[in-house]
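Note sheet for the following structure.
What follows is calculated from the coordinates using simple rules that are stated; it is not laboratory data. Keep in mind the model is a prediction, meaning the values are calculated, not measured. As a convention, Cβ positions derive from the backbone with ideal geometry for all residues, glycine included, and neighbour counts pool all protein chains shown.
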Amino acid sequence: MPILGAHMSMAGGYYRAVDAAQVHGCDCVQLFTKNNNQWKARPIEGHEVTLFRQSLEKTGIQHTLSHASYLINLASPNDELWKKSIDAMVIELQRADQLGIPYVVVHPGSFTSSSEQAGIKRIGKALDEIDRQARAFNSRCLLETTAGQGTNLGWKFEQLGDMLEATRC
């Protein structure tokens, strides 16, 4: 049976994304748990978690995903940005876990000034470190395919396969 879903705005509260998904006839919903173009995020309050979960119960929507920040670049050859991206992804997984969202979608990244193979290896190492730091969470990372512009990685299934092969997890 096909599942229909959409990315919905969480403006006004996480639960509003769920309510909007139901209004549009969706079976699943994707949302950001923070501003997608900023590194920092305010903490998720307990009442927000409660309202989100109540909305899922009320609407019957069983499938939820969040999307990670667009700033994350797990392929970056720049050590500072790479480490910041790993830390940000761990926070994304923690926030999703807090809301009970099982998966966080992320764009793998861009190799920028390095090479495709170096970027893929970097992503593998980043995924291993994210897994190590986020092992206690129930939420997991999903690599999203990309359009393939510039030095972006993940536009070929072979690249995604190579990323997974580059991990130890």
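A few notes on this one:
- Mean Cβ neighbour count within 10 Å, used as a protection proxy, ranking 81-88, 41-48 highest first: 81-88, 41-48
- Residue ranges 97-110, 143-156 sort as 97-110, 143-156 when ordered by packing (mean number of other C-beta atoms within 10 Å per residue, highest first).
- Here the extension length gained between Asn35 and Ser115 equals 25.8 nm, from 0.36 nm per residue of separation less the Cα-Cα distance.
- Relative contact order %, the chain, counting alpha carbon pairs below 8 Å whose residues are six or more apart: 18 percent
- For region 35-44, 3J(HN,Hα) per residue [Karplus equation, 6.51 cos²θ - 1.76 cosθ + 1.60, θ = phi - 60°, Hz, x = Gly/Pro]: 4, 6, 10, 9, 6, 8, 8, 6, x, 7
- Exceeding the 30 Å Cα-Cα cut-off - candidates Lys84/Lys156; Lys34/Lys125; Lys58/Lys83: Lys58/Lys83
- Near the amide H of Cys141, within less than 5 Å, lie the amide hydrogens of Val104, all on another chain or at least 5 residues away, with H placed in the peptide plane.
- Think of region 91-160 as a dipole: +1 on every Lys or Arg Cβ, -1 on every Asp or Glu Cβ, centred on the Cα centre; then among Thr146, Gln159, Ile123, Ile123 lies furthest on the positive end.
- Region 91-102 - phi-based ³J(HN,Hα) in whole Hz, Karplus 6.51/-1.76/1.60, Gly and Pro as x: 5, 4, 5, 5, 5, 4, 4, 4, 7, x, 8, x
- Per principal axis, descending, Cα span of the chain in whole Å: 48, 34, 27
- Percentage relative contact order, region 119-169, counting C-alpha pairs under 8 Å, at least six apart: 53 percent
- Each Lys and Arg Cβ is given +1 and each Asp and Glu Cβ -1; about its Cα centre, the chain then shows a dipole of about 260 debye.
- Amide hydrogen proximity for Gln30: with H placed 1.01 Å from N in the peptide plane, the residues at 5 or more positions away or on another chain lying under 5 Å are Ala6, His7, Met8, Leu65.
- As a length-normalised measure over Cα pairs under 8 Å and 6 or more apart, the relative contact order of region 51-130 settles at 39 percent.
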